[in-house]
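To start, the structure under review is shown below, and the notes come after it.
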Amino acid sequence: VCSSDLKNQHVMIKAALASQKAPVHSLFSHQNGEPAVSYGFDNFKRVGTWIAHYENGKLSYVVPFTDGKKEGLQKYYFDNGQLRKEGNYVDDKKQGVWKYYYHDGKTEKAGSYVMGKRPVYGSGFLF
């Protein structure tokens, strides 16, 4: 999702965060004007829903953060707009059923996580 221009903008944001006194929310665009990434920090921690887009305007990911940790339903997409994977995070760890998809939208695999780890016995994993 990041071009070299975006990487330079990220460096500037990191510098601004070094002296952060208030929440920071950033929105960057690709050179073609399409939105690239939107994210926020508060007290040096990731907050809010981070959203990224491909240059073609399709979603790349939607990742909510709470107090610096991934929290809630995460969704990642292929550049054609099809869902690539989805699942929940609790306290920055994968939790519950995660589903993975092929580029054409068909299910590739699915399985469960418990606090970031796959159970050894009876996990229900297809992979």
Next on the checklist: Can you compute 3J(HN,Hα) from phi for each residue in region 44-52, using the Karplus curve 6.51 cos²θ - 1.76 cosθ + 1.60 with θ = phi - 60°, rounded to whole Hz and x for Gly and Pro?
Outcome noted: 6, 10, 5, 9, x, 8, 8, 10, 10
Checklist entry - Rounded, prolate or oblate: which fits region 39-103, taking a ≥ b ≥ c as square roots of the Cα gyration tensor eigenvalues, rounded meaning a/c under 1.5, else prolate when a/b beats b/c? => result oblate
Item to check | Reachable aspartates and glutamates from LYS117, criterion Cα separation under 18 angstrom, eight or more residues apart if same chain | outcome: GLU71, GLU86, ASP91, ASP92
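What net charge do the residues around TYR61 carry, taking every other residue with its C-beta under 9 Å from that of TYR61, with Lys and Arg at +1 and Asp and Glu at -1?
Working: positive: LYS75, ARG84; negative: none.
Every neighbour counted, the sum reads +2.
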Checklist entry - Using r as the Cβ-Cβ distance of HIS25 and ASN80, and R0 as 22 Å, what FRET efficiency do you calculate, to the nearest 0.05? => result 0.15
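Set the Förster radius R0 to 22 Å, insert the Cβ-Cβ distance between TYR61 and VAL114 as r into 1/(1 + (r/R0)^6), and round the FRET efficiency to 0.05.
On the way: r = 23 Å, r/R0 = 1.06.
Once rounded, the FRET efficiency stands at 0.40.
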Checklist entry - Can you give the net charge of the other residues whose Cβ lies under 12 Å from the Cβ of ASN80, counting K and R as +1 and D and E as -1? => result 0
Checklist entry - Going toward the positive end of the dipole of region 26-127, with +1 on Lys and Arg Cβ and -1 on Asp and Glu Cβ, which of SER112, LEU27, TYR101 do you reach last? => result SER112
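Rule-based calculations on the coordinates, nothing more; no lab input. Fair warning: this is a prediction, and the values are worked out from it, not measured in the lab. Counting neighbours? That spans all protein chains shown, and the Cβs are built from the backbone with ideal geometry, glycine included.
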